[in-house]
Amino acid sequence: MDLTSAPPRATPTASPDEHPVAQAVAAALDVDHRHDPYPAYAVLRAAPGLPPGPLGTHVVARHGDCEQVLQEPAWSHAEEARLLHPDSDVHLPGSFLWMDPPDHTRLCRLVAQGFTPRRIDGLRPQAEELTARLLDTAVEAGPVDLVEALAYPLPLRMICRLMGVPAEAEDDVRRMSAGIARGLDPDVLLTAEELAARTAAVGEFTDFFGDLAARRRTDPRDDLVTALVLAEQEGDRLSPVELLGTLLILVVAGHETTVNLIANGLRALALHPDQLAVLRERPELVTSAVDEILRFDAPVHLTTRTARTTLTVSGRTFAPGESLLLLLGSANRDAAVFPDGDRLDVTRFATRGAARHLAFGLGLHHCIGAALARLEMETVLRALIARDIGVELQTDRPRYRPNLVVRGMAELPARLTVGATR
């Protein structure tokens, strides 16, 4: 199955006579399995070695193999744009996400000056106030779409406030971000309309945030854009392209992934009411519960790495230039590392020495926005507990967005009920 020769709008599918492992590779990437790729992941974890995947890659589905690759700097992430978007007519601004040391190290040090723990923790009162207001509205509304009522507006408004985006521009940021997030998928899986939407979104993003950054140079504020504009170390600053690339990835990763985290968490707890009951009895478990939600249904399921030198994984040797497709969502369900991995257990990460999930990546490319995502999910969980709110799903199979890399629901019909334990 080589998607490099597939026409636009191609979706990986398997014929009945294909080998079960090839069928599982196709199912893991197929939009029709976006709601539940986990059975396919289980087949891939059990397969010997590393099965061949699309775009000339090999698929890495086991936790140990993924962990090994993510921690090895010789596995480069800089080639992902070329691998997934070889014929793109749009230039995605350069970001440290798609760089290797020393450029990655230099940019991370500069970005860290603006994305400090103090700055993130200072958002907690705003997150609590906004969550309370959104929950009040959702409870009063009766049946609602929890993606639109809570999972989207909370992280969108928080990242906009963090960056200093005016409130009236939030809808514009959402539109740009959605087009770019969809455009992170391999080009061969995108329609002509989606490719055009990505091109338009990147252009609009560049214009909008380029103008905002220019204004912050002459009129600095207490926001992340100002901090990044002014960030300096040993005379070095972010170039205009580096600044826009950094802002792009922080916006997309700063709320698109957290939308999925919150929606996935609400659905998981609705499907496992016993675990929500555990949190009500033991609210000190909220922090570890966030890790379990991240492991159980990660907001990002896929990343790539390309060999810079000769490297070996799972007994197979890869030459420089050969690439891997890492299924992080599969690694997080690996029973060899997480016993009974298909079950939600909010106590799992409360135990000292628990294995690491890979939802935020690992090593050089560990998610810089992890603290903000955790804060927002924790805030939602604490509000549900404090207000004794339960989640009643209105459908057994919610509709998922077609996105492969940033996987999440398009809608989550549900009813929030007060007095869940009474």
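Of the residues Ala263, Pro101, Val418, the one whose Cα sits farthest toward the positive end of the charge dipole of the chain, with +1 on the Cβ of Lys and Arg and -1 on the Cβ of Asp and Glu, is Val418.
Ranking request for peptides 297-303, 41-47, 338-344: highest mean number of other beta-carbon atoms within 10 Å first, then the rest in descending order.
Numbers: 297-303: 23.9, 41-47: 19.3, 338-344: 15.7.
Going from most to least packed, we get 297-303, 41-47, 338-344.
Net charge around Thr312, counting only other residues with Cβ within less than 13 Å of its Cβ (Lys, Arg = +1; Asp, Glu = -1)? All intermediate terms of the calculation are to be shown ahead of the outcome.
Values: positive: Arg316; negative: Asp65, Glu72, Glu322.
Counting the neighbours of Thr312, the net charge comes to -2.
Full extension of the chain between Ser314 and Glu284 gives 6.9 nm of extra length, using 0.36 nm per residue less the Cα-Cα distance. Please report, in debye to the nearest 20, how large the charge dipole of region 284-400 is about its Cα centre when each Lys and Arg carries +1 at its beta carbon and each Asp and Glu carries -1 there. Magnitude of the dipole: close to 440 debye. Computed about its Cα centre, the charge dipole of the chain is approximately 840 debye, with only Lys, Arg, Asp and Glu carrying charge at their Cβ. Ranking Leu362, Pro117, Ala213 by Cα position along the charge dipole of the chain, where only Lys, Arg, Asp and Glu carry charges on their C-beta atoms, puts Pro117 farthest toward the positive end.
Quick check: from the Cα gyration tensor, does region 181-271 come out rounded (a/c under 1.5), prolate or oblate? Spell out each step's value before the answer.
Working: a/c = 2.57, a/b = 1.48, b/c = 1.74.
Since a/c reaches 1.5 but b/c is at least a/b, the shape of region 181-271 is classed as oblate.
Principal axis extents of the Cα atoms in the chain, from largest to smallest and rounded to whole angstrom, are 56, 54, 44.
Based only on the alpha carbon positions, what is the Kirkwood hydrodynamic radius of region 116-248, in angstrom?
Details: mean 1/r = 0.0597 Å⁻¹.
About 16.7 Å, per the Kirkwood formula over Cα pairs.
Averaged per residue, what accessible area in Å² does region 351-420 show with a 1.4 Å probe, protein chains only?
The answer is 41 Å² per residue.
Name the shape class, rounded, prolate or oblate, that the alpha-carbon gyration tensor gives for region 21-88, where a ≥ b ≥ c are the square roots of its eigenvalues, rounded holds for a/c under 1.5, and otherwise prolate holds if a/b is larger than b/c and oblate otherwise. Kindly include the intermediate steps, with their values, before the conclusion.
On the way: a/c = 2.03, a/b = 1.21, b/c = 1.68.
Taking the square roots of the gyration eigenvalues as a ≥ b ≥ c, region 21-88 is oblate.
Computed over the chain, relative contact order equals 25 percent, with contacts defined as Cα pairs under 8 Å that lie 6+ residues apart. When the Cα gyration tensor is reduced to axis lengths a ≥ b ≥ c, the ratio a/c is 1.5 or higher for region 310-388, and with a/b above b/c it is classed as prolate.
Express the carbon and sulfur contribution to the solvent-accessible surface of the chain as a percent, rounded to the nearest whole number, probe 1.4 angstrom. Could you put the intermediate results ahead of the total?
Numbers: 9010 of 17100 Å².
Within the chain, the accessible surface is 53 percent carbon and sulfur.
The values are calculated or read from the model by the stated rules, or taken from the named source; none is laboratory data. In this text the structure is predicted, and so the values were computed from the model without any measurement. Note: ideal-geometry Cβ built from the backbone for every residue, glycine included; neighbour counts use all protein chains shown. These accessible areas exclude ligands, DNA and RNA; they are computed on the full protein's heavy atoms, side chains included. Shrake-Rupley method; radii C 1.70, N 1.55, O 1.52, S 1.80 Å.
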